[in-house]
1. Assess whether Glu301 counts as being crowded, with 20+ Cβ neighbours inside 10 Å, out of contact with any helix residue (DSSP H, G or I) (no Cβ under 9 Å at 6 or more places or on another chain) and not assigned by TED's automatic domain parsing to the domain that holds Asp68.
2. Within the group Ile356, Ile305, Ile283, which residue is within 23 Å of Leu210 (Cα to Cα) and in a helix (DSSP H, G or I)?
3. So the check is Cβ under 6 Å with 6+ separation or different chains; which pairs have a first residue in segment 334-363 that's in the same structural domain as Cys25 (by TED's automatic domain parsing) and a second one that's modelled with pLDDT under 95 and assigned to a helix (DSSP H, G or I)?
4. State yes or no: is Leu131 outside the structural domain of Ile283 (by TED's automatic domain parsing), farther than 27 Å from Leu14 by Cα, surrounded by 17 or more Cβ atoms within 10 Å (Cβ to Cβ) and at pLDDT below 95?
5. Before we move on, is Cys126 assigned by TED's automatic domain parsing to the domain that holds Tyr64, at pLDDT below 95 and surrounded by 18 or more Cβ atoms within 10 Å (Cβ to Cβ)?
6. Does any residue in segment 100-111 that is outside the structural domain of Ile28 (by TED's automatic domain parsing) come within less than 7 Å, Cβ to Cβ, of a residue that is not aliphatic (A, V, I, L, M) six or more places away or on a different chain, and which pairs are these?
7. Looking at Leu48, is it modelled with pLDDT under 90 and among the aliphatic types (A, V, I, L, M)?
Amino acid sequence: MDSFSNNPLEKSWLEMVLTKRHFRCFLIYQMVDRQWLTQYLFNEQNPLSEQQQLLAYSIRAYIYSHEDMLHDDTPYPLKNRKGEICFQQAQELLERCYTISDRDTIRALLHLYQYQVQKGEVNNACQLIDLALRIAQDLKLNQPTVAGDRKAEDDRRLWWSVYWKHLYMAAEYNRPTMTEESSCQLPYPRKLEDEGSDVGYCIDFSIHHLKLIQIHLMVAKKLRAKATVNGLLATVQDIEHQLENWTKELPEHTMPEHWVETTDPLCIELAIILRCRLESTKIHIFECFKPWEDQPASFMELLAIRNCMRAATNITDLIVRYGNCLRMCICADMLSIIQQCVSVLMANARSTIPEIAMSSKQKLQDMAGVLNNHSFAYVHEARTLVASIHQSFSTPEQPEPETTPLPSIVNDPTPSTSATPPTLDLSQEQLNSTGLLHSAPQDLDQTIPYAMQSFGFPLPKHKQQQQQPFHSSIFPSPTFDLTEIPTSHSSDTINTTPFAHPASPNRR
């Protein structure tokens with residue numbers, strides 16, 4: 001680890017990210033007493049065990065990759081390939097550590113899992129989270145413990161984080177689960193008294209997202225079998241009742257009326273993700289009943305079209321109204337939901353029902369306006385989605401919508417739509433302070449994943465502190481100029497195969 005610690009500026013930057021930003025981006029696990037992570041990364045006296053070295057390299061791999069790929073909306077975004085090198089070294093250590101069950105190995109696997117998710121390596125991510133679940137089961141983290149309060153709480157967080165992401169991959173990619181819900185006898189994690197409200201936001205987010213995934217999997221199980229329309233209607237009503245109860249259980253800080261008072265954008269970001277995922281689950285349910293194009297629709301199919309439209313409208317309204325509150329990494333995380341929403345709107349824009357067609361076209365225009373602005377402007381997939389929306393309006397009877405051109409500098413965070421953004425308790429200087437030229441992201445050479453085997457990267461140089469976006473200015477940090485390295489269905493037989501994902505052939 002010494003080769004990473006020789007540069008004091010880089011060490012200062014890593015310490016800042018680890019203490020101020022890491023836990024606000026790495027949402028899947030909130031470690032108790034996380035100050036220990038800094039000691040792992042910058043240990044200069046006591047030798048680390050192999051498991052601790054694995055954790056240190058895994059954290060570095062995730063941080064370097066995350067900052068490189070998903071934080072172009074911050075001043076002087078980091079651009080180098082150290083994440084690849086750290087990931088390779090973590091893999092080598094994992095080959096020696098995976099047979100020994102250890103909590104640090106689980107923590108490392110969570111970071112490596114998220115690293116692979118960022119890279120789009122779904123199969124590798126699934127293998128890592130499955131291994132983490134096996135180790136957690138071997139350590140009996142899913143069973144009550146007599147350990148001290150803080151250690152017991154961290155064990156609960158470890159278990160629920162691993163179980164949550166395991167269920168997420170099962171639901172998202174139609175994979176089997178390795179454990180039954182009844183095998184977990186632990187209470188949900190909770191925020192400790194000496195922890196900040198942001199930790200509480202992340203824990204609440206993980207709990208309620210997990211509960212929503214469990215409903216999602218239950219829906220898939222119930223809708224796999226063909227049934228009569230009346231039977232399916234009863235099932236759908238039961239599912240809607242469960243979703244309504246899920247909504248009622250949400251904590252107060254996830255309610256839109258609370259967002260006007262909050263000074264922490266993380267609260268708004270996580271609440272938006274939860275509410276958009278709720279609408280996404282509703283789309284998943286009713287997509288099963290939508291008719292093929294050019295076929296007459298039954299009552300059930302018309303109901304499905306309208307309910308999908310309502311859910312897509314709710315997603316669009318949330319993104320339009322609060323898009324200026326989202327960091328780039330959150331925008332990228334939201335893209336799968338937005339793609340699903342746009343797919344519904346584009347299909348409904350061709351509807352023979354005038355009300356639905358007109359509303360869908362307007363919402364597509366609204367969504368394109370948001371995706372061309374704010375931190376969405378830095379996400380490549382968002383630009384591709386805007387191009388798809390433009391193409392859907394390219395026919396003579398559907399003129400292309402007018403949207404703001406993709407800016408190299410994002411000057412106005414307000415979407416060019418008819419929606420009126422709320423008055424948040426955040427200063428306008430914070431919301432509008434994005435007048436910085438950001439370097440364009442550089443694609444890594446995927447054919448040579450570990451081409452750079454040395455640590456000979458240019459050293460950072462100090463730059464004057466400049467005005468930062470509002471989510472950066474909450475925790476002021478040193479800025480460095482890190483030199484860039486170049487580089488369907490008939491009415492008598494209803495197909496209930498659940499959850500076809502519009503964005504990826506590997507998904508349902």
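The values are calculated or read from the model by the stated rules, or taken from the named source; none is laboratory data. Since this is a predicted model, take the numbers as computed values, not measurements. When we count neighbours, we look across all protein chains shown, and the Cβ atoms used for this are built from the backbone with ideal geometry, even at glycine.
1. Yes; evaluated as a whole, the condition is true for this residue.
2. Every option except Ile283 fails the conditions.
3. Note: no pairs meet the criteria.
4. No: the conditions fail for Leu131.
5. Judged against the criteria, Cys126 is not a match.
6. Every condition considered, no pair remains.
7. It is true that Leu48 is modelled with pLDDT under 90 and among the aliphatic types (A, V, I, L, M).
Residue-wise test of (1) over 23 Å from the mean Cα position of the chain (by Cα); (2) of a type in the set (Asp, Glu).
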residue	(1), (2)
Asn80	no, no
Cys86	no, no
Glu92	yes, yes
Glu95	yes, yes
Gln127	no, no
Asp130	no, yes
Asn174	no, no
